[in-house]
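Have a look at the structure below before the remarks.
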Amino acid sequence: RVLWDFTRPHTIIGSILSVVSLHLFALTAPGVSIINLSAFMVALTWSLVCASLVNLFVTGLNQIYDVDIDKINKPYLPIPAGELSLQKYMQVIMKNLRSEIFHSAKVIVLVSLILGIVRSCVLGTLYSMPPFRLKRFPLLAAICIIVVRGTLVNLSFYAHTAAILGTEMLPARSWIASSFFALFGCVIALMKDVPDVSGDREFQVKTLSVRFGSRTVLVFDCI
């Protein structure tokens, strides 16, 4: 249960739905006639595994470096709630692999990085980890989200599926979808900080919501 809460389930579920939809989108592209169902299912399975692990790495890293902020904004998360330790417990793991292995946030994040590493891990790291910590700068934080959600996820998974099916890797339809989700990424970039003003202001993370107020950002986002 603790590991499930640590994954931020809504992001995992969103990633899974996104990957499945992109694969089906590529599957219905013009020119797809004979389908190698076995190859398609293998491609989909590996995509789901990689996307979930990368998602866990990015969200986990963010929780590790935002633990003090989350004590104010999200005290129910596993680390600030004391359910998940930041210690590695390597001696415990060596003595008993079943004991406390999932109670190390750093171990979970490291394993996820090793097993699911792709380019979006780099952006996820730059977003949360000092000395970069791009989340401090609204424009750069938004670019990270837009690039991952709009470009990397949509174009990369579409091209991966198209390569398996033997169709055009990046047709116009894939770029249209990418543009739509890039716009949706703008919405995410604005909305995600609206409920976190208290902690961000306390630790001088100058998001747009901190600079202009949650109400202003929310109204602008709705427009």
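Tabulated data
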| read-out | value |
| --- | --- |
| Distance between modelled label sites at Ser85 and Ile143, nm, 7 Å Cα→Cβ extension | 4.0 nm |
| GNM flexibility winner over the chain from Gly199, Gly124, Gly31 (Cα, springs under 10 Å) | Gly31 |
| Extension gain (nm, one decimal) between Arg1 and Thr167, 0.36 nm per residue minus Cα-Cα | 55.6 nm |
| Relative intensity, log₁₀ I(q)/I(0), of segment 157-209 from a Debye sum that treats every alpha carbon as a point, q = 0.20, 0.28, 0.30 Å⁻¹ | -0.72, -1.00, -1.05 |
| Lysine-lysine proximity count for the chain, Cα under 16 Å, sequence distance 8 or more or distinct chains | 5 |
| Kyte-Doolittle mean at least 0.5 and Cα axial length at least 24 Å: DSSP H helices in the chain | 9-27, 37-65, 172-191 |
| Cα gyration tensor, the chain - rounded (a/c under 1.5), prolate or oblate | oblate |
| R0 of 25 Å, Cβ-Cβ distance Arg133-Lys71: FRET efficiency to nearest 0.05 | 0.90 |
| Calculated [θ] (222 nm, deg cm²/dmol) that DSSP helices of n ≥ 4 give over the chain, each run adding -39,500 (n - 2.57) | -20500 deg cm²/dmol |
| Loop chymotrypsin sites (Phe, Trp or Tyr not before Pro), segment 19-78 (other Cβ atoms within 10 Å of the site Cβ: 14 or fewer; DSSP) | Tyr76 |
| Potential extension, Trp175-Ile16 segment - 0.36 nm per residue separation minus Cα distance | 55.2 nm |
| Förster radius 35 Å - calculated FRET efficiency between Lys206 and Leu110 (Cβ-Cβ, nearest 0.05) | 0.70 |
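Each value in this text was obtained by applying a stated rule to the coordinates, not by laboratory testing. None of the values given here were measured: they were computed from a predicted structure. All Cβ positions, even for glycine, are placed from backbone atoms using ideal geometry, and neighbour counts span all protein chains on display.
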